[in-house]
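Report on the structure given below.
The values are calculated or read from the model by the stated rules, or taken from the named source; none is laboratory data. Bear in mind the structure is a predicted one, so any value in this text is a computation, not a measurement. Glycine gets a Cβ as well: all are built from the backbone with ideal geometry, and neighbour counts include every protein chain shown.
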Amino acid sequence: MELANLQLAKWWQPADNGKLLCTLCPRYCTIGEGQKGFCYIRENIDGKLYSIGYGKPTGFAIDPIEKKPLNHFLPGSNILSFGTAGCNLGCKFCQNWTMSKSKIDDINSVTASPEDVVSLALKHNTPSIAFTYNDPTIFGEYVIDISKIAAEENIKSIMVTAGYIDKEARKDIYKFIDAANVDLKAFSETFYHKLTFSHLNDVLNTLIWLKNETEVWIEITTLLIPGENDSPDKIKQMCEWILENLGENVPLHFTAFHPDFKMRNYQRTPDSTLTAARKIAMQTGINYCYVGNIHNAEGQTTYCPKCGKSLISRDWHSVYSNKIANGKCFSCGEGIAGVF
Ligand code: SF4
C-alpha cells in the first residue's frame with residue numbers, strides 16, 4: 001500500500017539505534033526499520049510507526065450482543081462485529097487463532113473507513129458496534145475514529161478485550177467507548193506468563209481504572225481450561241478480588257474452552273466445572289454470574305439479586321424473555337445493574 005494511504009500510529013517514540021518504541025501496550029516493543037511489533041499490525045516504515053491494521057477488518061458479522069458476551073448491556077439486541085489480523089497477546093489456547101495469529105497480508109481483509117463502518121451499522125440497524133475477535137487495543141487509532149463518529153449517530157461502541165493496554169493509551173482509546181467485556185484469563189501470574197505471554201497485574205489495573213475512572217459498562221469473562229485455571233481456590237480468590245475492587249454488580253461469565261491452537265491435547269471444559277465456578281461466585285457475593293459456550297438455561301438467566309425472580313431468560317445466545325422494567329425488577333423494584 002502507498003505510504004500516503006497508511007495511518008500514522010499514535011503512542012510511540014524514537015528509541016536507540018533508529019528503532020521505535022511502541023507504547024500502546026505493556027509489551028513495549030522496540031521495532032526496527034521495516035519490522036512489525038509482536039502484534040503484527042504496527043510497523044516501522046522510514047522511521048515512523050504506522051497502524052497497518054487501520055481500515056482493514058477481516059470482515060463483518062452481525063451477532064447477538066450475548067455472544068460478546070454482554071448480558072447487561074442492551075440485552076437481546078444485535079451488534080455489528082469485526083476484528084483485524086494480529087494480537088498483542090500470545091495465548092496458547094486462543095479460540096480465534098486463525099485471525100489473531102495472521103499477518104495482514106495472510107488474510108483476506110476488506111477496506112472500510114470509519115464512516116463505512118458506522119454506515120454499515122446504520123444500514124443494518126444495529127444499536128452498537130463491537131471491536132472484537134482479536135484484541136482491539138492494537139488497532140486503537142481505528143477504534144477512536146469509529147467510536148467518535150458512532151457516538152454522533154447514537155450508536156454504542158464496545159471493546160471485547162484482554163485489557164492489556166498502557167495506562168496513557170487507554171485514556172484515548174476508551175474516550176467514546178460505552179461498554180467492554182474484559183477477559184480475566186486466570187487469577188495467576190504464572191498462568192498469564194506461561195500461557196498468554198502477558199501479565200496479570202496490567203489487566204487488573206485496567207479493570208480498576210475502567211471501574212473507577214470511566215463510565216464504561218464492564219463485564220468480565222474467564223475461559224476455564226481444565227487443570228490450568230479451574231481450581232476452586234483460585235476461582236474463589238478471583239471472585240473475592242472482583243468483589244473487593246469492582247463490586248458485586250460486575251457480571252462475570254465462565255465460559256467453556258474447546259481444544260484449539262497449541263492446546264489441542266486438553267479436554268473440553270466439563271459443564272460441571274462451569275456450574276461449580278458459578279456457584280462459588282454467587283456464594284462469594286457476586287450478584288450476576290453466567291456460564292457460556294454450553295446450553296444451560298439456569299446458568300444463563302439473570303435473576304433479581306433481592307427477590308430471586310427470573311428477569312431475563314436466555315439459552316446460549318438467545319433471549320427468550322426480559323422482565324426488567326425501567327432498569328428494575330418487575331416484581332420487587334430492585335435496581336438491576338446495567339444498560340437496558
Ligand atoms: S501494541 Fe503491538 S507493537 Fe505495540 S507494544 Fe503492543 S504488541 Fe508491541
Legend entry - Single residue of Glu168, Glu219 found to be away from the ligand (no atom under 16 Å from the Cβ), in contact (Cβ under 8 Å) with a residue 24 or more places away in the chain and of a type in the set (Asp, Glu): Glu219
Legend entry - Output for the range 43-57, where each listed residue is surrounded by 20 or more Cβ atoms within 10 Å (Cβ to Cβ) and either out of contact with any Leu (no Cβ under 6 Å at 6 or more places or on another chain) or free of Cβ contacts under 8 Å to residues at least 24 places away in the same chain (or both): Glu43, Ser51, Ile52, Gly53, Tyr54, Gly55, Lys56, Pro57
Legend entry - The lone exception for Lys67 - which of (1) at pLDDT below 95; (2) under 30 Å from Leu311 (Cα atoms) it fails: (1)
Inset, instruction - Please specify each residue of the range 11-33 satisfying the condition of being surrounded by fewer than 16 Cβ atoms within 10 Å (Cβ to Cβ) and in contact with a helix residue (DSSP H, G or I) (Cβ under 9 Å, 6 or more places away or on another chain). - result: Thr30, Gly32, Glu33
Inset, instruction - State yes or no: is Asn17 under 23 Å from Ser102 (Cβ atoms), more than 16 Å from the ligand (Cβ to nearest atom), without any contact (Cβ under 8 Å) to a residue 24 or more places away in the chain and not small (Gly, Ala, Ser)? - result: no
Legend entry - The lone exception for Gly247 - which of (1) surrounded by fewer than 14 Cβ atoms within 10 Å (Cβ to Cβ); (2) on the phi < 0 side of the Ramachandran plot; (3) part of a loop (DSSP other than H, G, I, E, B) it fails: (2)
Legend entry - Residue that is farthest from the chain's Cα centre (by Cα), among those in the range 1-10 that are in a loop (DSSP other than H, G, I, E, B) and surrounded by 10 or more Cβ atoms within 10 Å (Cβ to Cβ): Met1
Inset, instruction - Consider only pairs whose beta carbons are under 8 Å apart and that are at least six residues apart or on different chains; among these, list those whose first residue lies in the range 81-95 and is over 15 Å from Glu228 (Cβ atoms) and whose second residue is modelled with pLDDT under 95 and acidic (Asp, Glu). - result: Ala85/Asp106
Inset, instruction - Within the range 263-290, work out how many residues are under 24 Å from Ile218 (Cα atoms) and either loosely packed, with under 15 Cβ neighbours inside 10 Å or within 22 Å of the chain's Cα centre (by Cα) (or both). - result: 12
Inset, instruction - For residues that are touching a His at 6+ places or on another chain (Cβ under 8 Å) and among the polar types (S, T, N, Q), scanning just the range 291-323, find the one that is surrounded by the most Cβ atoms within 10 Å (Cβ to Cβ). - result: Thr302
Legend entry - His72, sole failed condition from (1) touching a residue at least 40 places away in the same chain (Cβ under 8 Å); (2) farther than 30 Å from Asn326 by Cα; (3) surrounded by 21 or more Cβ atoms within 10 Å (Cβ to Cβ): (2)
Inset, instruction - Among the strands (runs of 3 or more DSSP E) lying completely within the range 29-100, list those that include at least 2 residues that are within 12 Å of the ligand (Cβ to nearest atom) and more than 15 Å from Lys156 (Cα to Cα). - result: 42-45, 48-51
Inset, instruction - Would you mind stating whether Ile165 is among the β-branched types (Val, Ile, Thr), part of a loop (DSSP other than H, G, I, E, B) and within 17 Å of the chain's Cα centre (by Cα)? - result: yes
Legend entry - Residue satisfying all of: in the range 102-140; surrounded by fewer than 24 Cβ atoms within 10 Å (Cβ to Cβ) and within 14 Å of the ligand (Cβ to nearest atom); farthest from Phe60 (Cα to Cα) among these: Lys103
